[in-house]
Amino acid sequence: MRSLTNTLSKNITGKKVLIFFTISSFVYAIMIFITIPKLLQFSNGIKILDIMPFGYSYAYVTQLFTELRKEGKNFYLYRQIPIDMVYPFLFGLSYFYIMVYFLQKIDRWKSPYIYLSLLPFIGALFDYFENIGIILMLKNYPNLTPSVVQLNSFFTISKSIFTTLFFISLIVVLIIFSIKKVSKK
């Protein structure tokens, strides 16, 4: 742990945080403003699996995939998923940097709080599991089993839980940072 914190203290700068956050946000914006709206057109407004934080059922997945038809499924597989295979890494890294940066600012980065910075990577890992599951389901549709859908739904819910835990933690750290900043003035 000590060597990790020493390495981090030397390598996490505001500039590096801003660069990774900007790249991550750019890729996220492509999904939010381009690929996901296009998929929603293909699905006639039925939400895609990536944006279902509370999971989904077998019936929901079959309804979505039926509605997407071949063209929509191809767009999901060859446009949305490739971008979403890059994004989790960028998300994990940029938000890791953000958390470490602000933990340094409040002088808590050498404490067990440093483990909060791992939450984005755990969320990203579940995002990769979710993406792999979506690929397998799209390629095997209509031969899906409820257990495969249930497992992938678990990955989606887990991604959402760890991402939410991270953002709650970040908000708390930012509040502490703001209080320390104001109290110094």
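Among the residues of segment 34-64, those identified as under 16 Å from the mean Cα position of the chain (by Cα) and surrounded by fewer than 16 Cβ atoms within 10 Å (Cβ to Cβ) are Ile51, Pro53, Phe54.
Any idea which residue in segment 73-95 is surrounded by the fewest Cβ atoms within 10 Å (Cβ to Cβ), counting only those that are over 14 Å from Asp127 (Cβ atoms) and not basic (Lys, Arg)? The qualifying residue surrounded by the fewest Cβ atoms within 10 Å (Cβ to Cβ) is Tyr78. Filtering segment 32-54 to residues that are touching a helix residue (DSSP H, G or I) at 6+ places or on another chain (Cβ under 8 Å) and either farther than 18 Å from Arg79 by Cβ or in a loop (DSSP other than H, G, I, E, B) (or both) leaves Ser43, Asn44, Ile46, Lys47, Ile48, Met52, Pro53, Phe54.
Okay, residues lined up against (1) in a helix (DSSP H, G or I); (2) modelled with pLDDT under 95; (3) more than 17 Å from Ser24 (Cβ to Cβ):
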residue	(1), (2), (3)
Leu119	yes, no, no
Ile134	yes, no, yes
Leu138	yes, no, yes
Asn143	no, no, yes
Val149	yes, no, yes
Ser153	yes, no, yes
Thr156	yes, no, yes
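Leu90 - would you say it is under 22 Å from Phe129 (Cβ atoms) and either assigned to a helix (DSSP H, G or I) or touching a Ser or Thr at 6+ places or on another chain (Cβ under 9 Å) (or both)? Walk me through how you get there before you give the answer.
Values: under 22 Å from Phe129 (Cβ atoms): yes; either assigned to a helix (DSSP H, G or I) or touching a Ser or Thr at 6+ places or on another chain (Cβ under 9 Å) (or both): yes.
Here the answer is yes, as Leu90 does meet what is asked.
Exactly one residue out of Asp84, Asp107 is under 30 Å from Lys184 (Cβ atoms) and either not aliphatic (A, V, I, L, M) or not in a helix (DSSP H, G or I) (or both), and it is Asp107.
Remark: pairs (first residue in segment 17-31, part of a helix (DSSP H, G or I); second residue aromatic (Phe, Trp, Tyr); Cβ separation under 6 Å; 6+ apart in sequence or on different chains) = Val17/Tyr97; Val17/Tyr101; Phe20/Tyr97; Ser24/Phe91; Val27/Tyr87.
The values are calculated or read from the model by the stated rules, or taken from the named source; none is laboratory data. As the structure is a computational prediction, the values presented were derived from the model and not from experiment. Glycine also receives a Cβ, built like all others from the backbone with ideal geometry; neighbour counts cover every protein chain displayed.
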